[in-house]
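Here's the structure we're looking at; comments come further down.
Read-outs: derived from the displayed coordinates by stated rules, not from any lab. Bear in mind the structure is a predicted one, so any value in this text is a computation, not a measurement. All Cβ positions, even for glycine, are placed from backbone atoms using ideal geometry, and neighbour counts span all protein chains on display.
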Amino acid sequence: MNSNDQLIENWEQKLYFIIKELFYEREKDKLAKLYEIISKSYLPNKDDYLILIKIYLSNIKGDALSIGNKDIQKIKGRILSMNSLEFETLGLYYNFMFIYNLDDNIDIGKYAIALFANNNSIAIKKIILGIKINILVACINEKKYEKAIFS
């Protein structure tokens, strides 16, 4: 990897971090402004960032249905196209669990839990705990208590 490629990769990682932080801080206005800036830019992966921000904004607004099926499918494809779950993919899945139905979340969640069962990273353990909690809440909301069993 040459220095320009590494510079772009570092910049993209920082941008992804900023987008996630704005989401966690529920900064709807700042995310909307960042969306506007990125949409006018010439970033190589700008469509990926725009979809990410659009989905985060819909989540903050509590209107996941406003996203559009095309964008949801792009995010699902990005998560599921990974051959194995890595830390970044696991975090992406955790943040976008709401776009999957309960059965898909159970399947993906159980796979992730089994895959990272012996991992000692606190960050990964937090994400796995969040995945379990989200699945349990979804089972309760859908009154499908029998599906809330993790082995």
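Data for the structure
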quantity	calculated
Cα-based helix-to-principal-axis angle, 3-24 vs the chain, degrees rounded to 10	50 degrees
Between 0 and 90°, nearest 10: helix 102-115 axis offset from the chain longest Cα axis	90 degrees
Computed lengthening from Asn119 to Ile149, 0.36 nm per intervening residue step minus Cα-Cα distance	8.7 nm
Cα long-axis angle, helix 122-141 against the chain (0 to 90 degrees, to the nearest 10)	60 degrees
Length-normalised contact order of the chain in % [C-alpha pairs under 8 Å, at least 6 apart]	14 percent
Positive-end residue, the stretch 84-151 charge dipole about Cα centroid, Cβ charges, pick of Leu92, Asn134, Leu102	Asn134
Out-of-range pairs (alpha-carbon distance over 20 Å; input Lys14/Lys74; Lys110/Lys132; Lys61/Lys132; Lys30/Lys132)	Lys14/Lys74; Lys61/Lys132; Lys30/Lys132
Trypsin sites (Lys or Arg not before Pro) restricted to DSSP loop in the stretch 1-54 with at most 10 other C-beta within 10 Å	Lys40
Fewest-first ranking of Ser41, Ser58, Ser3, using other Cβ atoms within 10 Å as the exposure measure	Ser3, Ser41, Ser58
For the chain, projected area of the alpha-carbon convex hull averaged over all directions, nm²	10.3 nm²
